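Remarks on the structure that follows.
The values are calculated or read from the model by the stated rules, or taken from the named source; none is laboratory data. Given the structure is predicted, the values throughout are model-derived calculations rather than measurements. Positions of Cβ are backbone-derived with ideal geometry, glycine not excepted, and every protein chain shown enters the neighbour counts.
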Amino acid sequence: MAHKNIERIARTSADSVTRYLKDYAKGGLNALGVSRAHRPVSSLQPYQDPIKSHFLKHPPHNVSEATHKIEVLTGIKLGPSACRDFMCKCLGMKFRKMAVIPVKADPEKQAEFLRGRLEPLLEEEQLTLGLPDAVPICRTVNRAVKARGVNEGFQQQ
């Protein structure tokens, strides 16, 4: 069959038809299934485990700090975007926004606020809306507050 006819039937270019025929001549059908896509390998691949273990012990505060630490550990200098991509895609890290834990948080006042003001308001709203039982919602809120810990939760204003 002529190459022009193969191009028309397969809806591919002349170069693709030539490449497919050469591959078939060299290795048969198995050679046609091999992908020749270019897949670059990161120069940081051999250092991935030491970098990850270092970042787990000493998490970087920002991308520039991570870039500096990677350069110190490996001798490879990365730009901010490349460092961000490496940390997210290869190391599986995510950026977290840090927040301040209130110094004045008093767990006793929070518990008092929860039982004295919040639970009665929830029960009142449940009765106003005509929902059957407000107690499970109060218990759920109470469990959520306990699960968050001492410094997080509801605070009296």
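Evaluation of GLU119 against the conditions (1) part of a helix (DSSP H, G or I); (2) closer than 20 Å to PRO40 by Cβ shows that the sole unmet condition is (2). Output the residues belonging to segment 12-38 that are hydroxyl-bearing (Ser, Thr, Tyr) and not in a loop (DSSP other than H, G, I, E, B). SER16, THR18, TYR20, TYR24 - these are the residues of segment 12-38 that are hydroxyl-bearing (Ser, Thr, Tyr) and not in a loop (DSSP other than H, G, I, E, B). Note on segment 7-38: residues that are touching a residue at least 12 places away in the same chain (Cβ under 8 Å) and among the β-branched types (Val, Ile, Thr) total 2.
Filtered by the rule that a residue be surrounded by 12 or more Cβ atoms within 10 Å (Cβ to Cβ) and outside any helix (DSSP H, G or I), segment 69-109 gives ILE76, LEU78, LEU91, MET93, ALA105, ASP106. Taking the conditions exactly as written (without any contact (Cβ under 8 Å) to a residue 12 or more places away in the chain and in a helix (DSSP H, G or I)), does VAL41 satisfy them or not? Taking the combined requirement at face value, the residue does not satisfy it. Checked against (1) over 20 Å from GLY75 (Cα atoms); (2) at pLDDT 90 or above; (3) of a type outside the set (A, V, I, L, M), PHE55 meets all criteria but (1).
What's the number of the condition PRO46 fails, among (1) surrounded by 13 or more Cβ atoms within 10 Å (Cβ to Cβ); (2) of a type outside the set (D, E, K, R); (3) within 30 Å of LEU73 (Cβ to Cβ)? Exception for PRO46: condition (1).
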